[in-house]
Amino acid sequence: MEPPPHAALAERFRQDPAKAAVVVRVGTELRDGMHCRTTARGHVTEADEPRSVGGTDTAQSPVELLLTSFATCQAVTYRLWADELGIPLDRVGVELEGDLDLRGFIGLADDVPAGYSAIRVVVTLEGPAGAGRYRELADAVDRHCPVTDVLVRPIPVVRELVLP
């Protein structure tokens with residue numbers, strides 16, 4: 001069996017664990033209205049708000065981008081771990097729904113969270129392996145998906161404000 005595509009990377013990290021510690025950087029500029037342009041590793045992502053919130057509705061909103069990040073991280077983690085575990089996988093589909101009460105965002109109710117109160121994930125897998133192998137795969141993804149981890153585990157967020 002051929003080694004998974006990430007095998008060389010994993011071997012480098014086994015030999016020198018310090019190389020696995022990275023800092024991910026993005027930079028965002030607010031442009032017209034609520035339209036933002038974010039750059040990461042030279043790749044650009046746009047974000048905007050719906051017209052009802054004062055945006056121009058030209059791109060996904062930040063809360064939609066969060067679900068997009070979650071869905072895509074799930075999909076690529078399924079691929080990586082299917083390869084790692086030798087589980088044949090023909091298709092991965094990920095659909096998410098999030099419950100959001102906008103009163104928290106616009107400050108109408110202090111007892112309402114500004115963010116999601118719940119997120120539901122539906123993963124569709126297709127391939128020739130049995131259900132047991134796909135459950136094993138799903139368990140591995142639950143343990144190793146970086147966005148799942150950051151959403152379910154409290155992490156410190158430190159803000160620095162740079163003023164004129």
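Brief remarks follow.
- Lone unmet requirement of (1) touching a residue at least 40 places away in the same chain (Cβ under 8 Å); (2) in contact with a Gly (Cβ under 6 Å, 6 or more places away or on another chain) for D83: (2)
- Residue tally, condition over 14 Å from F70 (Cβ atoms) and surrounded by 13 or more Cβ atoms within 10 Å (Cβ to Cβ), over segment 134-143: 5
- Taking the criterion of being among the β-branched types (V, I, T), assigned to a loop (DSSP other than H, G, I, E, B) and open to solvent by 70 Å² or more (accessible area, probe 1.4 Å), the only residue of segment 98-129 that qualifies is I106.
- Restricting segment 55-113 to residues that are among the polar types (S, T, N, Q) and within 19 Å of P146 (Cβ to Cβ), the residue that is farthest from the chain's Cα centre (by Cα): T77
- Positions within segment 141-164 being touching a residue at least 60 places away in the same chain (Cβ under 8 Å) and out of contact with any Cys (no Cβ under 8 Å at 6 or more places or on another chain), in sequence order: V141, H144, L151
- Restricting the first member to segment 87-103 and to residues that are without any contact (Cβ under 8 Å) to a residue 40 or more places away in the chain, and the second to residues that are charged (D, E, K, R), the beta-carbon pairs closer than 6 Å and six or more apart or on different chains are D90/E126; R91/E126; E97/R120.
- Residue in segment 1-10 that is touching a Gly at 6+ places or on another chain (Cβ under 8 Å) and over 24 Å from S117 (Cα atoms) present: yes
- Elements of type strands (runs of 3 or more DSSP E) in segment 1-97, at least 3 residues being open to solvent by 50 Å² or more (accessible area, probe 1.4 Å) and over 19 Å from E126 (Cβ atoms): 27-30, 43-47
- Contact map, segment 120-139: first residue farther than 17 Å from T72 by Cβ, second residue among the acidic types (D, E), Cβ cut-off under 8 Å, separation 6 or more or different chains; pairs are E126/D90; G127/D90; P128/D90.
The values are calculated or read from the model by the stated rules, or taken from the named source; none is laboratory data. Quantities reported herein were computed from a predicted structural model and do not represent experimental measurements. Cβ: placed from backbone, ideal geometry, glycine included. Neighbour counts: every protein chain shown. When the accessible area is computed, the model is the full protein with side chains, heavy atoms only, and any ligands, DNA or RNA have been set aside. Shrake-Rupley method; radii C 1.70, N 1.55, O 1.52, S 1.80 Å.
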